[in-house]
Each structure stands twice: as C-alpha cells, then as structure tokens.
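Please read the structure below before turning to the comments.
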Amino acid sequence: MTRRLTPADLADILRDTTHAQAKPPRTTAGDVAVQTLKALAAGVGASMLVGGALWLLAAPPDIIGNAAATTAVIVSGAVLLVQAVPSDKLLTVRRIQQVQAVVIDAEFRKRKAYEVIEKLEAQHAEAGREWQRAMAELRNENKVLRAENLRYKEAGKTPTFVTSSRVTEEIVKDAQVIIEHWYSTLRPNVRGEMVGEWWSRPKAVAAGWTKTRHKEACNLLIDVGIVVVNEKLPSILPTFTDAGAALYRLHTKAEQALSEPDMPRRQADYVEPD
C-alpha cells in the first residue's frame, strides 16, 4: 500500500534533493580537459564568426582583433558555466518546489474544509439537543394538559354518576390484551366460523394477573358490548370482524364512560365458567 506524502515529507525530499543537486559532480582530469577544449572551441568559433563579419564590413584590424578576443572569452566562459551546472538538475529542483507549493495549498484547503465540517457537525448536535429539549417540554405540557382535562371531566360529572363497571387506563389495557389474544388465535370451528381462543382466568393467572384484574377487564368488555356470554362461554361478537373494530369500540366507550356514560347499568358480573 502506497503511503501518502505529507507536506513535511515533501519538504525533506526537496531539501535532500537540493543538497544533492548542489554537490559538484565527480569528474576526472580527462573530463575537465574535454570540457575546456569544448569551451575553447566554442569561443574560437564565435570569435571567427564575429571577426569575419567585421572584416566584411571593412572594420579596422585592431577593432576586429579586440572584438574577436572578447567574443572568444565570453563564449568560452558561458560554455564552461553551463557545463558546470546542468539545466536538468535545476529543473528537477524547480519541479519539486512546484509540487510542494501545490501540496501545501491542497493541505490548507483540506484543513479549511474540515473546519467547516466540524462547525456543521457542532451546529447539528446543538440542533439535536434543542429538539430533545423541545420534545421534553412538549411531553411535560401534554401531561399537565391531560391532568387538567381529567380534573375538568371529574368536576363536570353529576353527583349521581355511577359507572356500570370500573373504568381505568389499566383495566382498558387489560381488556385490549384479551381482544388481541382472541384475534391472534382465530381458527375455523366445525361450522366453518372463525373463532378465537378466550383469555380465560387460568391463562390470566398464569400470566401474573389476579382474579379481580381479570374479572374487571371482562366486565368492561361486556359493558361496552364487545363480549357476550353464551352458556357461560365468553366470546367476542362476530360483528367485530377484526381486532381494529373491537379496539375502536373499546376505546370509544371507555372514553365515554370516563366523561358522561350513556350505557345502562349491568345487572350481573362476569362469572368464569368452571
């Protein structure tokens, strides 16, 4: 796996490369002699070219001589300088410097982008906390409103108000369990009718209910007209084709019972068949 170079790594490479390129190459006496001869040859050629041009222009001999000598010295020195510092080495250093500048700029842009991302994340976290605080306030307000609504209902009841069966949120939840159990166990009987399994007292006691708890839930289901007892065998009326219809009836009637009931008083309590 290739390791990514950091700006510090590139700075080290640039420094090492610059030092390496700045070191004079190891040359022999023969190399020096060849380079000197090349420089002299270039100088002589340049002096001959300048001298020939001045001769064609009919310049005085002393001017031709001085110009040719000066040209030979300048050209020879320039050739020696170019040979001493090759252009490819300087080009390598410049390229590394350009790469370093690009990487530094990219690193700067990346850090700025990270700062923006961190700022957005902090704002998002703060918005999440604000949302949680708002939800907590709404829950508290809802509890207060429900308590006030219950007090208003209690205050609006007539002195002769008597429910046909005790109605509380716990009893309504237990009645809902009985309904859900019935519809979750629907099976066709011998006549092809879909019949559920009744949540009997033994099942309720095995689930941790008391006998009173089971009786109150069954009484509520009878009062609201969902359950009927035929020959001591309780069942949910077939008019409620699904659990949704039965649950809607339960909660609607329970709400009415908590405010101003319109149901006749039941004459007999639920009795569990032996």
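Pairs over the 20 Å Cα-Cα cut-off, from the set LYS173/LYS211; LYS173/LYS232; LYS203/LYS232: LYS173/LYS232.
Each of ASN142 and GLN256 was given a label point 7 Å from its Cα along the Cα-to-Cβ line. The distance between the two points is 2.7 nm.
Express in nm, to one decimal, how much length is gained between GLU231 and TRP131 on full extension, taking 0.36 nm for each residue of separation and deducting their alpha carbon distance.
30.4 nm
Gain on full extension, evaluated as 0.36 nm per residue between ILE104 and LEU40 minus their Cα-Cα distance, stands at 18.4 nm.
From the Cα gyration tensor of the range 169-259, with a ≥ b ≥ c the square roots of its eigenvalues, which class applies: rounded if a/c is under 1.5, or else prolate if a/b is larger than b/c, or else oblate? Verdict is oblate for the range 169-259. Listed from fewest to most Cβ neighbours within 10 Å, the set VAL73, VAL227 follows the order VAL73, VAL227.
Sorted fewest first by neighbouring Cβ atoms within 10 angstrom, MET135, MET48 come out as MET135, MET48. As a proxy for reagent exposure, ranking HIS214, HIS251 by other Cβ atoms within 10 Å from fewest up yields HIS251, HIS214.
We did not get these values from a lab; they are worked out from the coordinates using the rules stated. Bear in mind the structure is a predicted one, so any value in this text is a computation, not a measurement. So basically every Cβ, Gly included, is an ideal-geometry build from the backbone, and we count neighbours across all protein chains shown.
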